[in-house]
Amino acid sequence: MPRAMHFISGLPRSGSTLLSALLRQNPRFTASMTSPMGALVSANLTLMGPGGEVGLLVEESQKPRILRGLFDAYYAETRADVVFDTNRQWCARMPLLRALFPGAKVIACVRDVSWIMDSIERLIRKQPFQPTRLFSGPGDAATVYSRVESLARADRLVGFPWAALKEAFYGEDAESLLIVEYEFLCRAPEQVLRLIYAFIGEPWFDGHDVNNVAFDAPTFDAALGIDGLHRVRPKVEYVPRRTVLPPDLFNKFQGMDFWRDLTASRANVITAHPTEPPTARAEHPDSVTPV
């Protein structure tokens, strides 16, 4: 039986590592933090593109087989029936994913952008003696204002995935996209997981333990110079807090949650009112069965 491929993408500091840690509790699934597949695919597309010697030697019909071969090689040693590959690029590659893996779904984790900035700033302030590689130079890292503005640029940690998500949300492949808000994943993890299982068409696994979740990538985070970027707390819970950002800076990024308005999109969004359990809301409600 061929292995099923799905993808995790979306915004940083929005629960993608937590979601992977939960999904991998199912022995039929494999999921992890950011994989190298996004970079490998981009590099090979460039290599096989026009203007280079390699591009002249590769037929169009060979390109999909070469790219699928990269995934086959990378995941050759896993015994999982279902693979979830995580990368921020996937929302900007929806037509490519559809061509390579017609039945694949993309799960995009999201969060209010102001709180994403707050979360990153908190991590930076926890290690005042350690410079981080998130910024291109001392100017970008100088103050909270320059740090946040840098992260919001179109080619940076927050700006790029936000633009990529917006492209996927309004694109022609939006039916294959499921948006999961961080707060609801933390408040009702089992209910959100059941909706995800329904979305990808997999039978429910009773062994998920939301009080015993484990994931950490200290070596990867150390290379970026920011400890705890991919650390998951053992118990899934929502912990409200006050922001460390100045009010004007926090308010600047309010209202960027375009995924809450489905008027012009066929994407699926897991949402809920404060007194109701999460449901998958979409213009085409039959695409996901609410729990």
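Each reported figure results from applying straightforward, stated rules to the coordinates on display, with no laboratory input. Just so it is clear, the model here is predicted, and its values are computed rather than measured. Cβ sites come from the backbone with ideal geometry, for glycine too, and all protein chains shown count toward neighbours.
In whole percent, what relative contact order does the chain give with Cα contacts below 8 Å and a gap of six or more residues?
Worked out over the chain, it gives 24 percent.
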(request) Check cross-link reach from Lys252 to the aspartates and glutamates: straight Cα distance under 17 Å, and skip same-chain residues fewer than eight apart. (result) Asp112, Asp118, Glu121, Glu149
(request) With a cut-off of at most 14 other beta carbons within 10 Å, and DSSP calling the residue loop, which GluC sites (Glu not before Pro) in segment 1-72 qualify? Please list them. (result) Glu59, Glu60
(message) If I stretch the segment between Arg233 and Phe205 completely, what's the gain in nm (0.36 nm per residue apart, minus their alpha carbon distance), one decimal?
(response) 7.9 nm
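Is segment 1-134 best put as rounded, prolate or oblate by its Cα gyration tensor, with a ≥ b ≥ c the root eigenvalues, rounded for a/c under 1.5, and otherwise prolate when a/b is larger than b/c, oblate when not? Don't jump to the answer; show the numbers that get you there.
On the way: a/c = 2.27, a/b = 1.45, b/c = 1.57.
Note, shape of segment 1-134 comes out oblate.
Highest mean first, what order results for 203-210, 144-151 on Cβ atoms within 10 Å? Before the final figure, lay out each step's value.
Working: 203-210: 11.9, 144-151: 17.8.
So the peptides 203-210, 144-151, ranked by packing, come out 144-151, 203-210.
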(request) Can you pull the one-decimal nm distance between simple spin-label points at Asn212 and Ala142, each 7 Å off the Cα toward Cβ? (result) 5.2
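So, by mean Cβ neighbours within 10 angstrom, what's the order for 103-109, 30-36 with the highest one leading? Mind dumping the intermediate values first?
Numbers: 103-109: 22.3, 30-36: 19.0.
Those peptides, ordered most packed to least, come out 103-109, 30-36.
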(request) With r as the distance between the Cβ atoms of Ala163 and Gln130 and R0 = 35 Å, compute the FRET efficiency 1/(1 + (r/R0)^6) and round to 0.05. (result) 0.75
(request) Would you work out if segment 4-287 is rounded, prolate or oblate? Take a ≥ b ≥ c from the square roots of the eigenvalues of the alpha-carbon gyration tensor; rounded if a/c is under 1.5, else prolate when a/b is larger than b/c, oblate otherwise. (result) rounded
(message) Around Val41, under 11 Å between beta carbons, what's the net of Lys plus Arg minus Asp minus Glu among the other residues?
(response) +2
(request) Round to a whole angstrom and tell me the spacing of the C-alpha centers of segment 15-69 and segment 176-209. (result) 24
(request) Give me the number: length gained by fully extending Glu77 to Arg242, i.e. 0.36 nm times residue separation minus the C-alpha to C-alpha distance, one decimal in nm. (result) 55.0 nm
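Just check segment 76-183 against the gyration tensor rule for me: Cα atoms, a ≥ b ≥ c as the square roots of the eigenvalues, rounded for a/c under 1.5, and otherwise prolate or oblate depending on whether a/b exceeds b/c. Walk me through the intermediate numbers first.
Details: a/c = 2.40, a/b = 1.89, b/c = 1.27.
Taking the square roots of the gyration eigenvalues as a ≥ b ≥ c, segment 76-183 is prolate.
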(request) Calculate for the chain the 222 nm mean residue ellipticity that helices alone would give, adding -39,500 (n - 2.57) per DSSP H run of length 4 or more and normalising by residue count, nearest 500 deg cm²/dmol. (result) -10500 deg cm²/dmol
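Report the antiparallel proportion of the DSSP beta bridges in segment 4-287 as a percent, rounded to a multiple of 5. Spell out each step's value before the answer.
Details: 4 of 24 bridges.
Here the share of antiparallel DSSP bridges comes out near 15 percent.
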